[in-house]
Amino acid sequence: MVLADSESAVILRLRGPLDLKCQLDSIDEVPMQKAISRTFEALRLQVKSESCVLAVCNSPVLIWPNKSVFEEITPDAPCEDIFQFIQTDDKETSGKRSTKKKNKKGVSASVINLSLMMEATKPGPVSAPILTRTVHKSHLLCATLPMDCAVWSSCSDTIKDGCERLMKALTCQLFDMEKVTLQCMKGTTLRVPEPLHFLLPEPNGLVTVVFPSGVLDKELEAQRRELHGQFELPDNRPFFRRANAYHFPNETYRDGYLRNPHTFLTHPTLDNGKVYLVQGIYSYHHYMQDRMDDNGWGCAYRSLQTICSWFQQQGYVERGVPSHKEIQQALVEVGDKQASFVGSRQWIGSIEVQAVLNHLLGVTSKIMFVSQGSELASKGRELANHFMTEGTPIMIGGGVLAHTILGVAWSETTGEIRYLILDPHYTGVEDLPVITEKVAATESHHFRYICELKNILYASRDLNVNVDFRRAGVAGKDLTFGIKLHITTSVCPRGRE
């Protein structure tokens, strides 16, 4: 997360399991609902009891929020003091604050992770145990509730204040979980409630929503529509699909791809210039990934994968990023290639990318022509407007070359323009420092030959189409997502084949 104006914001995140054990004397609907509600009320009382403990992860700090007991730290200390007790990743010693890599554009939000725990025993005199045996027939509903609360806090806020907000959020989340559990209950089968965090446009910020687990996004349309109204959000963009869930800065992605490496670069300076960047999240796809040796022929495949990842991670489509074979098979299915094309090492261009996006994601396309390559430099206003309004990655290619444009630095007064290039020709491992250094070292090279590339391909979001609540169509049959793809083709004086 990037905070442009504050260097002191942190996220307090509390996670931990709570056991839901509900004894049912009857499996009739009304008695079951009452029993479940009583069980949730007991859990709310449990987290408000003195046995509730918050443990700061990777530190000796323990907090009993309901009896104002703080070990290793004082309740009136600012939240930022917790960092000095958290063990860093590279050193197994406490006493030093974890280093957080700061973004060139702002400050990466720090996350303080806490675990929700319960004291199993209490101090008191030792007494002999008493055992009783009761025979009683009943039904037992059991589930583990995955509690997950997150609140913003300023580093100057006291630890006591932060914990109070966390406990309030925890209680509210139990109410939300009770509501979801009762709504989705079928017979004696329960849907475990699942809390998800979403970063919404200001002034909403980070919010937590509870959905039933195992339920597809398309089946939650009514709930998402209600949330759009509650937070006054437009209906033409997805905000509450699972793909939109907020990814905390200290978490790694399971698929191993880097996200948004451009955010760690320094912006170029132009006279009276501004920087216009891709919106949202994409994954970086390049040569030699996925155990696929496509060095020398797969750059357009990789650029296409990056574009697909953007639409998937913004929640417009549920389909994952297609593999090389799936891309080739799609071209065969639309009649663009012969069956022998599948499994080959043949490169593709903008027209093929257009066909694949149309077939797999339901993306319509449009081709526009410019008379000569020198006109590419005059497209600054058009590119800047694209990144301001649509914010999707742009593919640029010609011959056997392809790159991805993630932004432009453009001066409206002088017309000078620079392109932020995501290079699919990289063949190394997913090492962010190496990648950013490589980009910084070769960007002048990219700027030199960018005008030699012949096709600019950019995808836009049709703002007149309600994409958030529209049912995802079957590939090749329902092409109604309303996402438009534009290909600008130029005739360059020096073609690079």
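3J(HN,Hα) couplings calculated from phi for the range 182-196 with the Karplus curve 6.51 cos²θ - 1.76 cosθ + 1.60 (θ = phi - 60°) are, in sequence order, 5, 5, 9, 6, 10, x, 9, 9, 10, 8, 5, x, 10, x, 10 Hz; Gly and Pro show x. Estimated from the Cβ-Cβ distance and a Förster radius of 45 angstrom, the FRET efficiency linking residue 142 and residue 430 is about 0.65.
Residues whose amide H comes within less than 5 Å of that of residue 405, counting only those at least five positions distant or on another chain, are 394, 395, 396, 422 (H built at 1.01 Å from N in the peptide plane).
First check a/c for the range 215-308, with a ≥ b ≥ c the square roots of the eigenvalues of its C-alpha gyration tensor; if it is under 1.5, answer rounded, and if not, answer prolate when a/b is larger than b/c or oblate otherwise. The shape class here is oblate. Sorted largest first, the spans of the alpha carbon positions of the range 178-243 along the three principal axes are 41, 20, 20 Å.
What shape does the range 121-235 take by its C-alpha gyration tensor, where a ≥ b ≥ c are the square roots of the eigenvalues and a/c under 1.5 counts as rounded, a/b above b/c as prolate, and the rest as oblate? The shape class here is oblate.
This ranking places 177, 292 by how few other beta-carbon atoms lie within 10 Å of each, fewest first, which gives 292, 177.
Here the label points at residue 165 and residue 232, each 7 Å from Cα along the C-beta direction, are separated by 2.1 nm in the simple model. Just to confirm my numbers, what's the Cα centroid distance between the range 325-346 and the range 113-175 in Å? Spelled out, the Cα-based centre of one part sits 55 Å from the other.
For residue 16, nonlocal amide neighbours, meaning residues 5 or more places apart or on other chains whose placed amide H falls under 5 Å from its own, are 116, 147. Exceedance of the 30 Å cut-off in Cα-Cα distance is limited, within the set 186/218; 137/218; 21/168; 67/186, to 137/218; 67/186.
For the range 294-302, 3J(HN,Hα) computed residue by residue from phi via the Karplus equation (6.51, -1.76, 1.60; θ = phi - 60°) reads 10, 4, x, 9, x, 5, 5, 4, 5 Hz, glycine and proline entered as x. Take the Cβ-Cβ distance between residue 119 and residue 414 as r, set R0 to 60 Å, and report the resulting FRET efficiency rounded to the nearest 0.05. So, using R0 = 60 Å, E works out to roughly 0.35.
Each peptide among 186-198, 67-79 gets the average number of other Cβ atoms lying within 10 Å of its residues, and from highest to lowest they stand as 186-198, 67-79. The residue 45 and residue 179 beta-carbon pair, evaluated with R₀ = 30 Å, returns a calculated FRET efficiency of approximately 0.95.
Residues whose amide H lies under 5 Å from that of residue 236, counting only those 5 or more places away or on a different chain, are absent; hydrogens are built 1.01 Å from N in the peptide plane. Taking θ as phi - 60° and the Karplus parameters 6.51, -1.76 and 1.60, the scalar couplings of the range 264-276 work out to 9, 9, 7, 5, x, 10, 10, 5, 6, x, 10, 9, 10 Hz in sequence order, x denoting glycine and proline.
Readers should treat all values here as calculations from the given coordinates under stated rules, not as data from a laboratory. Given the structure is predicted, the values throughout are model-derived calculations rather than measurements. All Cβ positions, glycine included, derive from the backbone under ideal geometry; neighbour counts span all protein chains shown.
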